[in-house]
Amino acid sequence: MDIPRIFNITESAHRIHNPITPEKLATLGAALRLQPGAQVLDLGSGSGEMLCTWARDHGVIGTGIDMSPLFTEQAKRRAVELGVADQVRFIHGDAAGYVSDEKACVAACVGATWIGGGVGGTIELLARSLRAGGIILIGEPYWRQFPPTEDVAKGCLANSISDFLKLPELLASFGRLGYDVVEMVLADQDGWDRYEAAKWLTMRCWLEANSDDEFAKEVRAQLASEPERYTTYTREYLGWGVFALMAR
Ligand code: SAH
C-alpha cells in the first residue's frame, strides 16, 4: 500500500508536507495549551513532525497513521532523533475509517481531508476517536482570492473552484457542522514556498541520481514546469490553515 510515487520522490526531503513552517507548527502546539500526557491522533501524519515536536515540547503522547511507507519510516526515525520514540507510534496504513480504541484529546487531519471524503466527513471520522471536550484539527486550503476561471482553479491543482471556500466561508462551514472554531494558524506565501520550492531541489537531486529511472521523464517535466505554475497559480490564489474545532 502506497501513495503515488511522485509524492515519495518530490517530498522525500520534507519534514512537513504542507505550507506550515516549523515555527507555525510550534505556535499551533502552544496555542492549543497541550497538557503532558494528552493523547493526540493524527490521520495522514506524513513524516511525523507535528507529533514528534509536540511530544518533545509538550509531553503529549500519540499515534500517527500514514499510507506512505517512506514517510512513516521517516516519522519513526524522527521520533528516535527527538528522543520521543516511547511517546509516539507511527502506523503504516490507510487512515480511511480509522477509529482509535483510546479516545484522543486532539484528533487531527492536517492536509489530507480526502481521507474522510472531504472536510465534513473527516470531522465526523475524527469525532469518533475524540473524547468529550476534545479538539479536532483540520488543515485545509482556502481561496485567498477566487479564481476568475475554472482553468485558474485547475492551475492551482484543484479540480474546480468549488473544491475550496474563501476563509470566512470555510470558518462558517465549521459552524454549520456544529463546531466552534477555537483557534487557527494560517500559512503564508513564505510557508508555501517552503513546501513547494523545496520540491524543486529534491527533484533535481533525484534526477541526477536516477537518470535511468522510467520515471525520470515525468520528474524532469515537473521540474521544468512547476516553478512557473506554482507562482502563477497556487502562490497567488490558495491560502492554507489549520483550524481547531470544538463541538458546540
Ligand atoms: N499531515 C502531514 C502530511 C500531510 S501530506 C504533514 O502536515 O506533514 C498528506 C499525507 O497524507 C501524506 O503523508 C500521505 O502519505 C498521506 N495519505 C494520503 N492518503 C492517505 C490515506 N488514505 N491514509 C493515510 N494517509 C494518507
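The values are calculated or read from the model by the stated rules, or taken from the named source; none is laboratory data. Since the structure is predicted, the reported quantities are computational estimates derived from the model, not experimental observations. When we count neighbours, we look across all protein chains shown, and the Cβ atoms used for this are built from the backbone with ideal geometry, even at glycine.
Computed values, structure above
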| read-out | value |
| --- | --- |
| The listed residue being of a type in the set (Ser, Thr, Tyr) and more than 25 Å from Ala104 (Cβ to Cβ), out of Ser160, Ser129 | Ser160 |
| The listed residue being within 30 Å of Glu236 (Cβ to Cβ) and not in a loop (DSSP other than H, G, I, E, B), out of Ala79, Ala55, Ala26 | Ala26 |
| Of all residues in the stretch 180-237 being part of a helix (DSSP H, G or I) and among the aromatic types (Phe, Trp, Tyr), the one that is farthest from Ala153 (Cα to Cα) | Trp206 |
| Enumeration of residues in the stretch 87-116 that are out of contact with any helix residue (DSSP H, G or I) (no Cβ under 9 Å at 6 or more places or on another chain) and within 11 Å of the ligand (Cβ to nearest atom) | Gly111 |
| Complete set of residues in the stretch 4-22 that are modelled with pLDDT under 95 and within 7 Å of the ligand (Cβ to nearest atom) | Phe7 |
| Index of the failed condition, Gly62 passing every other in (1) within 18 Å of Gly116 (Cα to Cα); (2) in contact with a helix residue (DSSP H, G or I) (Cβ under 6 Å, 6 or more places away or on another chain); (3) part of a strand (DSSP E or B) | (1) |
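Each row is one residue, and each column tells you yes or no for (1) more than 21 Å from Tyr195 (Cα to Cα); (2) of a type in the set (Ser, Thr, Tyr); (3) away from the ligand (no atom under 14 Å from the Cβ).
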| residue | (1), (2), (3) |
| --- | --- |
| Leu28 | no, no, no |
| Leu41 | yes, no, no |
| Arg56 | yes, no, yes |
| Gly59 | yes, no, yes |
| Leu70 | no, no, no |
| Gln74 | no, no, no |
| Arg78 | no, no, no |
